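A.B. asks: Please see the structure below; I have some questions.
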Amino acid sequence: MATLQSYNVCLRESALQSSRPNCGDYQKRRNAKLRSPQAAVIPNFHLPMRSFEVKNRTSVEDIKSLRLITAIKTPYLPDGRFDLEAYDNLVNMQIENGAEGVIVGGTTGEGQLMSWDEHIMLIGHTVNCFGGSVKVIGNTGSNSTREAIHATEQGFAVGMHAALHINPYYGKTSLEGLVSHFNSVLPMGPAIIYNVPSRTGQDIPPHVIYAVAQSSNLAGIKECVGNNRIQEYTNNRLVVWSGNDEQCHDARWFHGATGVISVASNLIPGLMRELIFGGMNPLLNSKVMPLIEWLFYEPNPIGLNTALAQLGVVRPVFRLPYVPLPLAKRVEFVNLVKEIGRENFVGKKDVQVLDDDDFILVGRY
(Lines give C-alpha, C1' and ligand atoms only; values in the text may rest on other atoms or scores of the structure.)
Protein backbone atom coordinates (compact mmCIF):
# COMPACT_ATOMS: atom_id res chain seq x y z
CA MET A 1 0.00 0.00 0.00
CA ALA A 2 2.86 2.38 0.92
CA THR A 3 4.46 1.63 -2.43
CA LEU A 4 1.18 2.42 -4.29
CA GLN A 5 0.71 5.74 -2.43
CA SER A 6 4.31 6.72 -3.24
CA TYR A 7 3.71 5.89 -6.90
CA ASN A 8 0.54 8.06 -7.00
CA VAL A 9 2.43 11.01 -5.45
CA CYS A 10 5.08 10.69 -8.15
CA LEU A 11 2.39 10.69 -10.85
CA ARG A 12 0.80 13.87 -9.44
CA GLU A 13 4.15 15.67 -9.20
CA SER A 14 5.03 14.63 -12.73
CA ALA A 15 1.67 15.92 -13.99
CA LEU A 16 2.12 19.23 -12.20
CA GLN A 17 5.58 19.67 -13.65
CA SER A 18 4.39 18.92 -17.18
CA SER A 19 1.50 21.42 -16.84
CA ARG A 20 3.78 24.30 -15.83
CA PRO A 21 4.87 26.39 -18.81
CA ASN A 22 8.49 26.37 -19.73
CA CYS A 23 9.55 30.03 -19.53
CA GLY A 24 12.06 29.65 -22.33
CA ASP A 25 9.49 28.12 -24.70
CA TYR A 26 6.90 30.74 -23.78
CA GLN A 27 9.32 33.57 -24.55
CA LYS A 28 10.15 32.00 -27.90
CA ARG A 29 6.45 31.77 -28.80
CA ARG A 30 5.85 35.35 -27.69
CA ASN A 31 8.68 36.69 -29.80
CA ALA A 32 7.83 34.54 -32.84
CA LYS A 33 6.42 36.33 -35.91
CA LEU A 34 2.73 35.55 -36.43
CA ARG A 35 1.90 33.77 -39.67
CA SER A 36 -0.63 35.45 -41.93
CA PRO A 37 -3.92 33.57 -42.33
CA GLN A 38 -3.16 33.66 -46.05
CA ALA A 39 -0.46 31.06 -45.41
CA ALA A 40 -3.16 28.54 -44.58
CA VAL A 41 -4.98 28.91 -47.92
CA ILE A 42 -4.64 25.81 -50.10
CA PRO A 43 -3.32 26.76 -53.56
CA ASN A 44 -5.69 26.08 -56.44
CA PHE A 45 -3.33 23.59 -58.05
CA HIS A 46 -4.51 21.13 -55.40
CA LEU A 47 -8.07 21.09 -56.76
CA PRO A 48 -8.84 17.36 -56.88
CA MET A 49 -10.76 17.12 -60.15
CA ARG A 50 -8.56 19.30 -62.34
CA SER A 51 -7.53 17.67 -65.62
CA PHE A 52 -4.95 18.72 -68.16
CA GLU A 53 -6.29 16.54 -70.97
CA VAL A 54 -7.00 18.81 -73.93
CA LYS A 55 -8.33 16.63 -76.77
CA ASN A 56 -11.93 17.84 -76.56
CA ARG A 57 -11.34 21.02 -74.59
CA THR A 58 -12.37 24.45 -75.85
CA SER A 59 -9.84 27.24 -75.66
CA VAL A 60 -10.54 30.58 -74.07
CA GLU A 61 -10.12 32.18 -77.50
CA ASP A 62 -12.94 30.02 -78.85
CA ILE A 63 -15.25 31.35 -76.15
CA LYS A 64 -14.15 34.94 -76.75
CA SER A 65 -15.21 34.69 -80.40
CA LEU A 66 -18.86 33.79 -79.68
CA ARG A 67 -21.32 36.50 -80.67
CA LEU A 68 -24.82 35.11 -80.13
CA ILE A 69 -25.22 33.10 -76.94
CA THR A 70 -28.70 32.08 -75.82
CA ALA A 71 -29.58 31.76 -72.16
CA ILE A 72 -31.66 28.67 -72.85
CA LYS A 73 -35.00 27.98 -71.20
CA THR A 74 -35.51 24.77 -69.20
CA PRO A 75 -38.93 23.19 -69.92
CA TYR A 76 -40.80 20.89 -67.52
CA LEU A 77 -43.15 17.93 -67.47
CA PRO A 78 -46.41 18.20 -65.49
CA ASP A 79 -44.74 16.63 -62.44
CA GLY A 80 -41.98 19.27 -62.52
CA ARG A 81 -39.19 17.10 -63.91
CA PHE A 82 -37.19 18.24 -66.93
CA ASP A 83 -38.89 17.79 -70.29
CA LEU A 84 -35.78 16.73 -72.19
CA GLU A 85 -37.65 16.18 -75.45
CA ALA A 86 -38.86 19.77 -75.46
CA TYR A 87 -35.45 20.97 -74.27
CA ASP A 88 -33.70 19.21 -77.15
CA ASN A 89 -36.10 20.83 -79.61
CA LEU A 90 -35.37 24.25 -78.14
CA VAL A 91 -31.61 23.76 -78.43
CA ASN A 92 -31.93 22.41 -81.98
CA MET A 93 -33.92 25.49 -82.99
CA GLN A 94 -31.15 27.69 -81.59
CA ILE A 95 -28.50 25.82 -83.56
CA GLU A 96 -30.55 25.91 -86.76
CA ASN A 97 -30.96 29.68 -86.43
CA GLY A 98 -27.32 30.44 -85.85
CA ALA A 99 -26.79 30.65 -82.09
CA GLU A 100 -23.17 29.83 -81.28
CA GLY A 101 -23.49 29.07 -77.58
CA VAL A 102 -26.03 28.30 -74.88
CA ILE A 103 -26.01 29.13 -71.18
CA VAL A 104 -27.36 26.08 -69.33
CA GLY A 105 -29.08 26.56 -65.98
CA GLY A 106 -28.70 30.34 -65.87
CA THR A 107 -31.33 32.71 -64.54
CA THR A 108 -33.39 32.17 -67.69
CA GLY A 109 -32.93 28.41 -67.39
CA GLU A 110 -33.95 28.59 -63.71
CA GLY A 111 -30.76 27.13 -62.32
CA GLN A 112 -31.76 28.71 -59.01
CA LEU A 113 -34.69 26.26 -58.85
CA MET A 114 -32.56 23.19 -59.56
CA SER A 115 -30.73 20.83 -57.29
CA TRP A 116 -27.04 20.57 -58.16
CA ASP A 117 -27.68 17.01 -59.36
CA GLU A 118 -30.26 18.32 -61.85
CA HIS A 119 -27.98 21.17 -62.79
CA ILE A 120 -24.95 19.05 -63.64
CA MET A 121 -27.10 16.42 -65.33
CA LEU A 122 -28.56 19.04 -67.69
CA ILE A 123 -25.11 20.41 -68.49
CA GLY A 124 -23.85 16.89 -69.23
CA HIS A 125 -26.92 16.09 -71.34
CA THR A 126 -26.44 19.27 -73.39
CA VAL A 127 -22.77 18.50 -74.00
CA ASN A 128 -23.53 14.90 -74.92
CA CYS A 129 -26.24 15.81 -77.42
CA PHE A 130 -25.11 19.17 -78.81
CA GLY A 131 -21.51 19.78 -77.75
CA GLY A 132 -20.25 19.32 -81.30
CA SER A 133 -22.59 21.98 -82.71
CA VAL A 134 -22.76 24.67 -80.04
CA LYS A 135 -20.62 25.82 -77.13
CA VAL A 136 -22.09 24.76 -73.80
CA ILE A 137 -21.56 27.28 -71.01
CA GLY A 138 -22.69 25.95 -67.64
CA ASN A 139 -23.89 28.31 -64.95
CA THR A 140 -21.89 26.91 -62.06
CA GLY A 141 -21.64 30.13 -60.08
CA SER A 142 -22.87 30.41 -56.50
CA ASN A 143 -22.88 32.79 -53.56
CA SER A 144 -20.86 30.11 -51.78
CA THR A 145 -17.29 29.76 -53.03
CA ARG A 146 -17.27 26.13 -51.88
CA GLU A 147 -20.34 25.35 -54.00
CA ALA A 148 -19.01 27.29 -56.98
CA ILE A 149 -15.74 25.34 -56.90
CA HIS A 150 -17.49 21.98 -56.58
CA ALA A 151 -20.08 22.68 -59.29
CA THR A 152 -17.44 24.03 -61.67
CA GLU A 153 -15.29 20.94 -61.16
CA GLN A 154 -18.29 18.77 -61.98
CA GLY A 155 -19.33 20.90 -64.95
CA PHE A 156 -15.93 20.61 -66.60
CA ALA A 157 -15.81 16.92 -65.71
CA VAL A 158 -19.00 16.32 -67.74
CA GLY A 159 -17.61 18.30 -70.65
CA MET A 160 -18.90 21.87 -70.54
CA HIS A 161 -16.85 24.30 -72.61
CA ALA A 162 -16.94 27.23 -70.19
CA ALA A 163 -18.41 28.32 -66.88
CA LEU A 164 -20.59 31.31 -66.04
CA HIS A 165 -19.81 32.87 -62.65
CA ILE A 166 -21.89 35.38 -60.77
CA ASN A 167 -20.67 37.40 -57.81
CA PRO A 168 -21.84 36.20 -54.36
CA TYR A 169 -25.36 37.53 -53.81
CA TYR A 170 -27.61 38.20 -50.80
CA GLY A 171 -24.93 37.79 -48.13
CA LYS A 172 -22.52 39.58 -50.50
CA THR A 173 -18.88 40.18 -49.62
CA SER A 174 -16.17 42.85 -49.75
CA LEU A 175 -14.48 43.83 -52.99
CA GLU A 176 -11.40 41.93 -51.84
CA GLY A 177 -13.69 38.97 -51.23
CA LEU A 178 -14.96 39.21 -54.83
CA VAL A 179 -11.41 38.98 -56.13
CA SER A 180 -10.68 35.97 -53.91
CA HIS A 181 -13.95 34.29 -54.96
CA PHE A 182 -13.27 34.63 -58.68
CA ASN A 183 -9.62 33.67 -58.29
CA SER A 184 -10.79 30.45 -56.62
CA VAL A 185 -12.88 29.33 -59.60
CA LEU A 186 -11.01 30.71 -62.61
CA PRO A 187 -8.14 28.18 -62.58
CA MET A 188 -10.44 25.33 -63.65
CA GLY A 189 -11.20 26.45 -67.18
CA PRO A 190 -12.62 29.15 -69.46
CA ALA A 191 -15.10 31.39 -67.66
CA ILE A 192 -17.42 34.34 -68.15
CA ILE A 193 -18.09 36.64 -65.20
CA TYR A 194 -21.69 37.83 -64.96
CA ASN A 195 -22.46 41.27 -63.52
CA VAL A 196 -26.15 41.92 -62.82
CA PRO A 197 -26.52 44.18 -59.76
CA SER A 198 -30.32 44.24 -60.04
CA ARG A 199 -30.31 40.57 -58.97
CA THR A 200 -27.23 40.31 -56.77
CA GLY A 201 -27.54 43.65 -54.99
CA GLN A 202 -23.86 44.36 -55.66
CA ASP A 203 -22.04 45.78 -58.66
CA ILE A 204 -18.75 44.25 -59.75
CA PRO A 205 -16.69 47.42 -60.29
CA PRO A 206 -14.10 47.56 -63.08
CA HIS A 207 -11.09 47.41 -60.77
CA VAL A 208 -12.26 43.97 -59.56
CA ILE A 209 -12.50 42.78 -63.17
CA TYR A 210 -9.06 44.18 -63.96
CA ALA A 211 -7.64 42.36 -60.93
CA VAL A 212 -8.98 38.95 -62.01
CA ALA A 213 -8.36 39.59 -65.73
CA GLN A 214 -4.79 38.51 -65.08
CA SER A 215 -6.13 34.95 -65.24
CA SER A 216 -5.70 33.44 -68.69
CA ASN A 217 -9.04 31.65 -68.21
CA LEU A 218 -11.18 34.79 -68.10
CA ALA A 219 -12.97 34.84 -71.46
CA GLY A 220 -14.94 37.99 -70.74
CA ILE A 221 -17.80 39.65 -68.93
CA LYS A 222 -21.55 39.48 -69.32
CA GLU A 223 -22.36 43.08 -68.39
CA CYS A 224 -25.80 44.36 -67.46
CA VAL A 225 -24.90 47.78 -66.04
CA GLY A 226 -25.06 49.46 -69.43
CA ASN A 227 -23.19 50.46 -72.54
CA ASN A 228 -20.94 53.03 -70.84
CA ARG A 229 -19.46 50.23 -68.74
CA ILE A 230 -19.15 48.06 -71.83
CA GLN A 231 -17.28 50.87 -73.59
CA GLU A 232 -14.82 51.14 -70.70
CA TYR A 233 -14.01 47.44 -70.92
CA THR A 234 -13.68 47.34 -74.68
CA ASN A 235 -11.38 50.39 -74.52
CA ASN A 236 -9.19 48.21 -72.34
CA ARG A 237 -9.38 45.28 -74.77
CA LEU A 238 -11.61 43.09 -72.65
CA VAL A 239 -14.27 40.91 -74.27
CA VAL A 240 -17.81 41.87 -73.23
CA TRP A 241 -21.25 40.55 -74.02
CA SER A 242 -24.29 42.71 -73.44
CA GLY A 243 -26.61 41.14 -70.90
CA ASN A 244 -29.48 43.43 -71.91
CA ASP A 245 -31.42 42.55 -75.06
CA GLU A 246 -32.78 46.09 -75.37
CA GLN A 247 -29.23 47.50 -75.50
CA CYS A 248 -27.43 44.80 -77.43
CA HIS A 249 -27.68 46.37 -80.90
CA ASP A 250 -26.00 49.58 -79.79
CA ALA A 251 -23.59 47.68 -77.54
CA ARG A 252 -22.45 45.63 -80.50
CA TRP A 253 -22.19 48.33 -83.16
CA PHE A 254 -21.38 51.48 -81.17
CA HIS A 255 -19.60 50.30 -78.01
CA GLY A 256 -17.47 47.38 -79.13
CA ALA A 257 -19.32 44.48 -77.48
CA THR A 258 -18.51 41.09 -78.98
CA GLY A 259 -22.19 40.14 -78.89
CA VAL A 260 -25.07 39.35 -76.57
CA ILE A 261 -26.11 36.71 -74.08
CA SER A 262 -29.76 36.82 -74.94
CA VAL A 263 -33.14 35.88 -73.52
CA ALA A 264 -35.09 37.07 -76.57
CA SER A 265 -33.20 34.66 -78.85
CA ASN A 266 -35.18 31.84 -77.23
CA LEU A 267 -38.14 33.27 -79.15
CA ILE A 268 -36.63 34.96 -82.22
CA PRO A 269 -33.15 33.50 -82.71
CA GLY A 270 -32.94 34.40 -86.39
CA LEU A 271 -33.76 38.06 -85.81
CA MET A 272 -31.35 38.29 -82.89
CA ARG A 273 -28.61 36.78 -85.05
CA GLU A 274 -29.32 39.39 -87.73
CA LEU A 275 -29.02 42.16 -85.13
CA ILE A 276 -25.64 40.89 -83.95
CA PHE A 277 -24.14 39.68 -87.25
CA GLY A 278 -25.77 41.83 -89.91
CA GLY A 279 -24.36 45.27 -89.21
CA MET A 280 -26.15 48.35 -87.90
CA ASN A 281 -29.88 47.88 -88.32
CA PRO A 282 -31.91 50.43 -86.34
CA LEU A 283 -35.12 49.48 -88.16
CA LEU A 284 -34.91 45.85 -87.06
CA ASN A 285 -33.90 46.94 -83.57
CA SER A 286 -37.02 49.12 -83.37
CA LYS A 287 -39.15 46.28 -84.71
CA VAL A 288 -38.21 43.85 -81.94
CA MET A 289 -38.13 46.41 -79.12
CA PRO A 290 -41.85 46.09 -78.17
CA LEU A 291 -41.37 42.32 -77.79
CA ILE A 292 -38.27 42.80 -75.62
CA GLU A 293 -40.12 45.32 -73.43
CA TRP A 294 -43.00 42.85 -73.08
CA LEU A 295 -40.56 40.06 -72.25
CA PHE A 296 -39.24 41.92 -69.20
CA TYR A 297 -42.53 43.34 -67.94
CA GLU A 298 -42.10 40.96 -64.99
CA PRO A 299 -38.80 39.48 -63.82
CA ASN A 300 -37.25 37.05 -66.28
CA PRO A 301 -38.10 34.21 -67.02
CA ILE A 302 -41.81 34.77 -66.34
CA GLY A 303 -42.48 36.41 -69.71
CA LEU A 304 -40.38 33.89 -71.65
CA ASN A 305 -42.05 30.91 -70.00
CA THR A 306 -45.47 32.34 -70.82
CA ALA A 307 -44.51 33.09 -74.42
CA LEU A 308 -43.00 29.68 -75.18
CA ALA A 309 -46.09 27.97 -73.75
CA GLN A 310 -48.38 30.05 -75.96
CA LEU A 311 -46.22 29.24 -78.98
CA GLY A 312 -46.77 25.55 -78.21
CA VAL A 313 -43.09 24.62 -77.97
CA VAL A 314 -43.12 23.82 -74.23
CA ARG A 315 -45.76 22.59 -71.85
CA PRO A 316 -47.39 25.35 -69.75
CA VAL A 317 -45.68 24.15 -66.57
CA PHE A 318 -44.14 26.58 -64.08
CA ARG A 319 -41.94 25.70 -61.15
CA LEU A 320 -42.98 28.00 -58.32
CA PRO A 321 -42.39 30.76 -57.38
CA TYR A 322 -42.79 31.64 -61.07
CA VAL A 323 -46.33 32.05 -62.35
CA PRO A 324 -47.57 33.07 -65.83
CA LEU A 325 -48.23 36.61 -66.93
CA PRO A 326 -51.83 37.84 -66.50
CA LEU A 327 -54.38 37.37 -69.26
CA ALA A 328 -54.07 40.89 -70.67
CA LYS A 329 -50.33 40.41 -71.21
CA ARG A 330 -50.92 36.99 -72.78
CA VAL A 331 -53.27 38.60 -75.29
CA GLU A 332 -50.68 41.30 -75.94
CA PHE A 333 -48.10 38.65 -76.79
CA VAL A 334 -50.33 37.11 -79.46
CA ASN A 335 -50.69 40.53 -81.08
CA LEU A 336 -46.91 41.04 -80.98
CA VAL A 337 -46.36 37.73 -82.75
CA LYS A 338 -48.75 38.76 -85.51
CA GLU A 339 -47.04 42.14 -85.91
CA ILE A 340 -43.51 40.73 -86.07
CA GLY A 341 -44.54 37.65 -88.06
CA ARG A 342 -45.14 34.13 -86.77
CA GLU A 343 -42.42 32.85 -89.10
CA ASN A 344 -39.80 34.72 -87.06
CA PHE A 345 -40.64 32.84 -83.86
CA VAL A 346 -39.62 29.35 -82.79
CA GLY A 347 -42.02 26.46 -83.33
CA LYS A 348 -44.63 25.81 -85.98
CA LYS A 349 -47.93 25.79 -84.09
CA ASP A 350 -50.30 28.72 -84.19
CA VAL A 351 -49.83 31.10 -81.28
CA GLN A 352 -52.75 31.06 -78.85
CA VAL A 353 -53.97 32.77 -75.72
CA LEU A 354 -53.88 30.26 -72.87
CA ASP A 355 -56.44 30.39 -70.08
CA ASP A 356 -55.47 30.46 -66.43
CA ASP A 357 -56.61 26.85 -66.06
CA ASP A 358 -54.21 25.73 -68.80
CA PHE A 359 -51.17 26.38 -66.64
CA ILE A 360 -49.72 23.93 -64.14
CA LEU A 361 -47.92 25.37 -61.12
CA VAL A 362 -45.58 22.95 -59.39
CA GLY A 363 -44.37 23.53 -55.83
CA ARG A 364 -42.89 20.09 -55.16
CA TYR A 365 -40.93 18.24 -57.79
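The values are calculated or read from the model by the stated rules, or taken from the named source; none is laboratory data. Here the structure is a predicted model, which means the values were calculated and not measured. All Cβ positions, even for glycine, are placed from backbone atoms using ideal geometry, and neighbour counts span all protein chains on display. Just so you know, the surface numbers come from the protein's heavy atoms only, side chains and all, with ligands and any DNA or RNA stripped out. Shrake-Rupley method; radii C 1.70, N 1.55, O 1.52, S 1.80 Å.
A.B. asks: Could you report the stretch 230-365's accessible area per residue, 1.4 Å probe, as an integer in Å²?
C.D. replies: Working: 6080 Å² over 136 residues.
With the other protein chains kept in place, the stretch 230-365 gives 45 Å² per residue.
A.B. asks: Can you give the accessible area of ASP356 in Å² (nearest 10), computed on protein heavy atoms with a 1.4 Å probe?
C.D. replies: It works out to around 110 Å².
A.B. asks: To the nearest 10 square angstrom, what accessible area does ARG315 show with a 1.4 Å probe?
C.D. replies: Spelled out: ARG315, probe radius 1.4 Å, area about 110 Å².
A.B. asks: Cut-off 17 Å, label point 7 angstrom out along Cα-to-Cβ of GLU61: give me the residues of the stretch 236-251 whose amide nitrogen falls inside.
C.D. replies: Only 238-239 fall inside the zone, counting backbone N under 17 Å.
A.B. asks: Another question, then. Below 12 angstrom from the Cβ of GLU100, what's the summed charge of the other residues (Lys, Arg +1; Asp, Glu -1)? Don't jump to the answer; show the numbers that get you there.
C.D. replies: On the way: positive: LYS64, ARG67, LYS135, ARG273; negative: ASP62.
So the surrounding residues net to +3.
A.B. asks: Next question. Out of the total accessible area of the stretch 96-205 (probe 1.4 Å, heavy atoms of protein only), what percent is carbon and sulfur?
C.D. replies: The computed percentage sits at 49.
A.B. asks: In what sequence, highest mean first, do 278-288, 180-190 appear when ranked by Cβ atoms within 10 angstrom? Provide the component values of the computation, followed by the final result.
C.D. replies: On the way: 278-288: 13.5, 180-190: 21.2.
Going by the mean number of other Cβ atoms within 10 Å, highest first, we get 180-190, 278-288.
A.B. asks: Sticking with this one: Return the whole-Å distance between the Cα centroid of the stretch 177-226 and the Cα centroid of the stretch 121-147.
C.D. replies: The stretch 177-226 and the stretch 121-147 have Cα centres spaced 18 Å from each other.
A.B. asks: So, one more: At a 1.4 Å probe radius, which order do CYS248, CYS129, CYS224 fall into by accessible area, largest first? Don't skip to the end; give the middle numbers.
C.D. replies: On the way: CYS248 0, CYS129 65, CYS224 25 Å².
The residues order as CYS129, CYS224, CYS248, largest area first.
A.B. asks: Let me ask you something else. Run the 1.4 Å probe and let me know the accessible area of TYR210, rounded to the nearest 10 Å².
C.D. replies: 80 Å²
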